[in-house]
Amino acid sequence: MSKEIVFIVDDDASVLKGLRRLLVASGFEVAAFDSPRQFIEHYDPSVPGCLVLDVAMPGLNGMELQQELAARGCALPIVFLTGHGDVPTSVQAMKRGAADFLTKPVDENDLLAAIRTALEKGSALRRERDELAEVKRRIATLTPREREVLEHIVAGKRNKQVAGELGTVEKTVKVHRARVMGKMQAKSLAELVRLAERAGIRGTLD
Amino acid sequence: VPAYVLIVASIWSIHFFFGTGSARFAWGLTGFYALLLAINFLTGASINYEHINALRPIVVWGGVTVPIADAVVNPWSRLEALAFVLWIVFMMHATVRLWARGDRDSRRKAAIVGGSFLVLGVLGASLAQLRHEGLVDFPYLRAWVVFAGLLALGYELSSDVFRAAELARQVHVTEADAREQAERLRLALTGARLALWDWDIAAGTVYLSDRWQEIVGGFPQPIVITFRALATMVHPDDFPELRRRLREVLKGKSPEYEVDHRVRNQSGEWIWIHSRGEVVSRDANGKALRMSGVNEDITARRLAEERFRQSEADLAQQRSEFAHLSRVSMLGELSGSLAHELNQPLAAILSNAQAAQRFLAQNPEDLREVREILQDIVDDDKRAGEVIRRLRALLRKEEIAHHPVDCNEIVLDVLRLMRSDLVNRNVSVSTQLAPALPQVTGDRVQLQQVMLNLVINGCDAVDALRPRDRQLTVRTALVDGHIEVAVADRGKGIAPADLERVFEPFVTTKPHGMGLGLAVCRTIVTAHAGRIWAARNPDAGTTFRFTVPVALTKAAAA
């Protein structure tokens, strides 16, 4: 996995330069862009990191870039920088998942802390996303019958009940259940339930 | 006897007609001739002849027969010749003196009357002498000579009578004219409420017309006062100037003077007088003898002017304060983006400074990077200072200053000031600025205010549009000796009926507008002798234009 990159987007050349220097001096890998357009053109979603984004910019502004990225399914955490502490804008940005909302001029401690948090959040998100992808991959290996069995088990039903509802014998259900546990790499029923929930599988109650 | 009467008559005629013959000489001659008359009767046949032997006719010119005496000459006749010589001397004396007077009329009289008397007299005397000597046969013509002279005199007198009659008629006409003129002058002076003065410089007295009585009061009629007394009535602050101007005119340095000064009236108030005058006569050396002129009471006019000036000044003051207030409120609207403009360099400075600290803490220190950072910090600091300077200039409350101003700079200054506002509102501004525009004379801050107002209005006009349609165009151009600045938007436009109304106070098309911005703009532009107006664009939106006349001279622009 490649090193995390801090992306900076600010239309003000001197601010951009100052921020880049500060982050470089603080040991980050930095990529600076002077407009959201330029950023979008160069951005590779597979590269992990976070985005330090100015709110007020000509053309596409910071808020619009956030929406654009969300629409593309990018989970890049964003630290917003704004010249004026405009409360409605910051609330909206945070609701849309911004990592932080800082006011210029920003002190290095605040900025670096926010960036670290954002990076952690980013890696957590990535981890979670990877896990989910793994669970979904495992679920995809189940046969339709095994999946049916999984749904019933997750709903908390006993083997006998499951067999009755599926019109089969308890012994067969037991065999399916063991296969499901194996394919899902679950060591206990509790873990299986957690994995299934994660993948959005709801138990069949009736 | 008739001859003697004629001669004596000629003597006195000349005496009175010429007015130059000596009276004593005249009396002497008269007496002498009286003596001769006596001798004429007492000795011989007459004064000319001892005895008359016979009368013989002789033919003089053209066949006229005249009887002349063939007689012995009376010795007393020499006395008569002497008298005749004296008569000639008298005539000559009177004629020469008349001639010496030098005027045309006198010389004419001397030439015609005196001349004929003298020529004929000398002729007659010569003839008589020749006759005495017996050289010619000719009658004594003395009486005829005198008679001819008297005829000339008669001619002169009668022509004088005619001329006198003509003159009398002319005098009559002139007098009537003069009366009419004087009456007209009086009416004119009364109508114009002018007071007349006439200063006899040698006497040191000034005649003042009746109007002075009304203006100043307290003079006895007719008003003649000394110049000194009049001078004491003039306001001490105004007197030196009046005196200086009077002296210039008296010395002939200027043909006339015109000055406003105050005089104290009877009740002790100061009255403003407009005084004009000129020298009306000078002596042979050019020294002024008389000066006259008119005075006018301009107190009411001065007061009105003073009030007008005061109200103009008050108005200008109010305009300036109003413009300032509207500027402050406008900047209040912009405060967010102005803060942003300041924040940007401050943010850059902070990040740069903290980065520098980190570079210095590294081992080895990155001094090259630190040097670059310091340079950037200096630049950013200057940039922040520039924002504050521009802001302060707009907020400053100053007297209107008229300086040479470049309209392109005004446009660019305002766009710089509004940069972040334009960014925030997603408005893009394109500029078409005419290169090398001549400067205008004006107040930079107020013209910036007009520009600021138009750009803010333009932003409001395009607010409802899609971001990519939020466009403004700013143009400058030189049109007919004026700089024209145009701000065009592509908004929904202003109804034709409102194009003019938007410049009225409290008329606004914005939901939260006060309706003062454009009213203030019009006040400012008008005060700059320019014009501001709005016009609908053919396709979409509105264009606001204002003009300011180009500064007159290169020197004024320098």
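The values are calculated or read from the model by the stated rules, or taken from the named source; none is laboratory data. Owing to the predicted nature of the structure, the values given are computational and were not obtained by experimental measurement. Cβ atoms come from the backbone with ideal geometry, glycine included; neighbour counts cover every protein chain shown.
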Helices (runs of 4 or more DSSP H) fully within the stretch A:22-125 counting 3 or more residues that are within 14 Å of chain B (Cβ to nearest Cβ), more than 16 Å from the chain's Cα centre (by Cα) and over 30 Å from B:ASN363 (Cβ atoms): A:62-71, A:87-95
Return the pairs, sorted by first residue and then second, in which the second residue is modelled with pLDDT of 85 or more and crowded, with 17+ Cβ neighbours inside 10 Å, the first residue lies in the stretch A:130-159 and is part of a helix (DSSP H, G or I) and of a type in the set (Lys, Arg), the beta carbons are less than 7 Å apart, and the residues are 6+ apart or on different chains. A:ARG138/A:MET184; A:ARG145/A:HIS176
Criterion (within 49 Å of the chain's Cα centre (by Cα) and buried (at least 21 other Cβ atoms within 10 Å of the Cβ)) met by exactly one of B:VAL445, B:VAL427: B:VAL445
Considering each residue of the stretch A:4-21, count those that are closer than 15 Å to A:LEU119 by Cα and either within 12 Å of chain B (Cβ to nearest Cβ) or assigned to a loop (DSSP other than H, G, I, E, B) (or both), and give that number. 2
Which of the residues belonging to the stretch A:98-140 are over 20 Å from A:ASP11 (Cα atoms) and of a type in the set (S, T, N, Q)? A:ASN109, A:THR117, A:SER123
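Being crowded, with 20+ Cβ neighbours inside 10 Å and not aromatic (Phe, Trp, Tyr) is the requirement here; does A:LEU112 meet it?
Working: crowded, with 20+ Cβ neighbours inside 10 Å: no; not aromatic (Phe, Trp, Tyr): yes.
No, not satisfied.
Among what's in the stretch B:379-393 and is touching a residue at least 24 places away in the same chain (Cβ under 8 Å) and within 11 Å of another protein chain (Cβ to nearest Cβ), pick the residue that is surrounded by the fewest Cβ atoms within 10 Å (Cβ to Cβ).
Among those that are touching a residue at least 24 places away in the same chain (Cβ under 8 Å) and within 11 Å of another protein chain (Cβ to nearest Cβ), it is B:ASP381.
Here's a check for you: in the stretch B:529-555, which residue that is outside any strand (DSSP E or B) and of a type in the set (A, V, I, L, M) is modelled with the lowest pLDDT?
So the first thing to find is which residues in the stretch B:529-555 are outside any strand (DSSP E or B), and the list is B:529-530, B:537-541, B:551-555.
So of that shortlist, the ones also of a type in the set (A, V, I, L, M) come out as B:529, B:540, B:551-552, B:555.
Values: B:ALA529: 88, B:ALA540: 87, B:ALA551: 81, B:LEU552: 69, B:ALA555: 43.
The extreme case among them is B:ALA555.
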Tell me, please, whether a residue that is within 14 Å of chain B (Cβ to nearest Cβ), in a helix (DSSP H, G or I) and without any contact (Cβ under 8 Å) to a residue 40 or more places away in the chain can be found in the stretch A:192-199. no
Only one residue in B:ARG475, B:ARG468 is loosely packed, with under 14 Cβ neighbours inside 10 Å and not hydroxyl-bearing (Ser, Thr, Tyr). Which one? B:ARG468
For the stretch A:153-187, which residues satisfy the criterion of being of a type in the set (A, V, I, L, M, F, W, C), surrounded by fewer than 19 Cβ atoms within 10 Å (Cβ to Cβ) and in contact with a His (Cβ under 9 Å, 6 or more places away or on another chain)? A:LEU166
May I ask you to verify whether B:ILE456 is within 21 Å of B:LEU331 (Cα to Cα) and modelled with pLDDT under 90? yes
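Among the candidates B:ASP376, B:ASP421, which residue alone is under 30 Å from A:SER35 (Cα atoms), within 14 Å of chain A (Cβ to nearest Cβ), at pLDDT 85 or above and touching a Gly at 6+ places or on another chain (Cβ under 9 Å)? First the steps, then the outcome.
Values: B:ASP421 fails: at pLDDT 85 or above.
Just one listed residue meets the conditions, B:ASP376.
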Which one is modelled with the highest pLDDT among residues in the stretch A:5-33 that are buried (at least 18 other Cβ atoms within 10 Å of the Cβ) and of a type in the set (Asp, Glu)? A:ASP10
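Taking the conditions exactly as written (under 23 Å from B:ARG425 (Cβ atoms) and touching a helix residue (DSSP H, G or I) at 6+ places or on another chain (Cβ under 7 Å)), does B:VAL520 satisfy them or not? Even if it seems obvious, please write down each step before you answer.
Working: under 23 Å from B:ARG425 (Cβ atoms): yes; touching a helix residue (DSSP H, G or I) at 6+ places or on another chain (Cβ under 7 Å): yes.
It is true that B:VAL520 is under 23 Å from B:ARG425 (Cβ atoms) and touching a helix residue (DSSP H, G or I) at 6+ places or on another chain (Cβ under 7 Å).
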